[in-house]
1. With only Lys, Arg, Asp and Glu charged, each at its Cβ (+1 for the first two, -1 for the last two), find how big the charge dipole of the range 25-346 is about the Cα centre; round to the nearest 20 debye.
2. Mind jotting down the distance between the C-alpha centroids of the range 79-139 and the range 299-325, whole Å?
3. Net charge near LEU420: determine it from the other residues with C-beta under 12 Å of the C-beta of LEU420, scoring Lys and Arg +1 and Asp and Glu -1.
4. In Å, the Kirkwood hydrodynamic radius of the range 178-308 over pairs of distinct alpha carbons?
5. Between helix 212-230 and the chain, what is the angle of the helix's C-alpha long axis to the longest principal axis, kept within 0 to 90° and rounded to the nearest 10?
6. Can you show me the helix-derived [θ] at 222 nm for the chain, built from DSSP H runs with n ≥ 4 at -39,500 (n - 2.57) apiece and divided by the number of residues, rounded to the nearest 500.
7. Using the count of nearby Cβ atoms within 10 Å as a rough guide to exposure, how do GLU387, GLU317 rank from fewest to most?
8. Mind computing the radius of gyration and Dmax over the alpha-carbon atoms of the chain? Å is fine for both.
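A short reminder: the numbers here are calculations on the coordinates, not readings from a lab. Bear in mind that the values here come from a model prediction, so they are computed numbers and not experimental data. Don't worry about glycine lacking a Cβ; one is built from the backbone with ideal geometry, like all the others, and counts go over all protein chains shown.
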Amino acid sequence: MKQLLLFWLASALALQARAQLPTNSYAVSTPCPSSLNQPSGLSRINTDGSITPIGIVSEAGTGIVVNGLGYNDNNRVALYAMRVVPPTAASIQAGTPPDLYRIDLTTAVATNVGPMTPPPTPTTGLTPPSGFGVTARDYRQTLNFVGDSNPDGTYYLGGVTFRISALYFGDFPFPGTATVTDVRLYVGTTSLPVVPAPVAAPVWQRVNASDPATAAIIETYRAQTQAYINSALSTPAPEGGIQDWVYDKPSGNLVSYIGQSGQYLTITNPGTAPVGVTTTPTVPLPPLPPGTTDNNIGSMFSDQFSNVYVVRAGSGEIFRVDNVTGNYENRSFGNALGCNRGDAVSFSDALPLPVTLTRFDATATGPTVRLSWATAFEERASHFEVERSATATAWNTVARVAAGNQATGQQYAATDARPLPGTAYYRLAMHDRDGTVSYSGVRIVRSAAATAVYPNPVRRTAQVLLPMPGQSATLELVSARGAVVRRLTAPAGLASVEVPMADLPAGFYLLRVQQAGATSTTRVVLEK
């Protein structure tokens with residue numbers, strides 16, 4: 001709401017903070033300050049929270065700024081977003097609509113698919129101008145920063161109409177003469193296609209704001225904006241308002257966290273007969289970090305389980321709130337987003353990570369390898385599996401531990417009683433109850449040789465016990481001069497191999513055994 005009322009006064013549009021998402025999520029962001037209007041970068045949000053850049057969002061080779069992301073679940077190769085262009089008084093007066101773009105998720109190339117025309121100017125119920133020389137001008141705007149979609153591709157965007165009565169000096173009201181009236185909020189809907197095609201103009205429905213708390217939000221920002229205009233922009237700009245909303249899949253509602261007032265707006269029946277109801281969560285968000293004052297909520301997103309996440313625009317902090325009440329659920333995700341601005345979106349199967357892993361260690365301890373890990377949070381986790389590989393490509397499970405699902409985390413340990421000889425790789429697989437798996441980083445362990453030779457010293461024949469009977473083996477006996485004097489192969493399934501040495505001169509030898517990509521070396525003494 002704030003951005004709309006200030007569009008025609010601003011030299012650039014403040015972009016909303018993007019959010020770090022659960023799995024299968026994407027983000028567009030532009031560096032601060034947003035007044036530079038730098039092009040948006042498209043990135044994939046990885047399951048570990050890191051970001052993989054895809055490219056600069058561009059049309060015909062020119063970078064553009066976008067916001068208000070939407071998607072169609074049947075089209076996993078593209079997202080949709082509205083273009084953000086610094087407004088002018090003329091464009092606001094004319095109600096110039098933002099264009100919607102289809103953005104390729106592989107190349108970040110954007111294709112214009114049509115304008116998102118604003119709501120029609122009301123023809124009834126408007127406040128007439130009052131006073132000598134006062135004229136009324138009606139404004140209508142599509143909010144190019146408020147947008148979300150449901151899985152079938154129905155795109156919900158915000159719009160407003162309002163009137164300013166004033167003594168006008170060109171396109172600018174003379175200070176102290178402006179009266180802002182008739183602020184009306186709308187929900188627009190259009191369909192995001194599966195294949196590249198023009199997108200129809202949105203169909204607009206006015207939000208019923210008869211709820212006193214919802215009406216009070218609109219009135220607060222109307223009054224703030226009027227005071228700002230009449231001060232010739234010398235007072236602080238109005239704060240707050242609807243910065244973003246998210247589609248709540250279970251209810252079909254749109255929800256918006258109003259950061260400045262700490263309230264939660266729910267819009268029911270958004271596509272047919274939208275009604276706004278505003279409540280105050282009983283469990284508010286944590287206090288602002290020291291040195292910050294901006295508690296606007298710049299972006300919102302959700303996951304498959306209808307968890308709703310909100311992002312403070314000023315600090316980049318991410319919090320999880322209840323999708324119905326807006327109550328803070330005591331889950332925060334840091335402020336790594338910082339001052340990046342933009343928007344983010346998740347496909348409908350996006351999942352919250354079941355576990356917040358704080359460490360995973362693998363250490364050789366005598367003839368075994370000790371595995372230990374710790375979590376800071378667990379929810380809907382099924383179990384952990386420790387996986388091992390000789391090559392860091394093909395993995396086998398060596399231990400399985402049930403998850404404790406402690407909200408404050410837990411300590412775990414397991415043992416690999418028969419580690420691979422030489423170098424081995426370990427990773428932790430974290431399994432969610434619905435089958436989703438995420439992985440830790442890889443740990444490298446260099447174990448002592450597990451090959452056994454007896455008798456040792458040897459007189460005629462060495463009996464070699466292989467560390468991995470299930471794997472084929474190559475054995476090489478190397479003399480003190482470095483020459484390979486015996487080379488044998490053993491098929492998978494053999495637990496031991498005989499190495500004849502009666503014809504060799506007495507002395508020291510090295511027995512080299514290769515199995516499953518790992519090599520162990522054992523010192524052998526031949527006596528005569």
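1. Around 340 debye, computed over the range 25-346.
2. When both Cα centres are located, 27 Å separates them.
3. Once positives and negatives cancel, what remains is +2.
4. Values: mean 1/r = 0.0598 Å⁻¹.
Hydrodynamic radius (Kirkwood, Cα only) of the range 178-308 equals 16.7 Å.
5. 70 degrees
6. Numbers: 3 runs with 30 residues, N = 528.
Helix contribution divided over all residues of the chain: -1500 deg cm²/dmol.
7. GLU387, GLU317
8. Final numbers for Rg and Dmax: 32.3, 123 Å.
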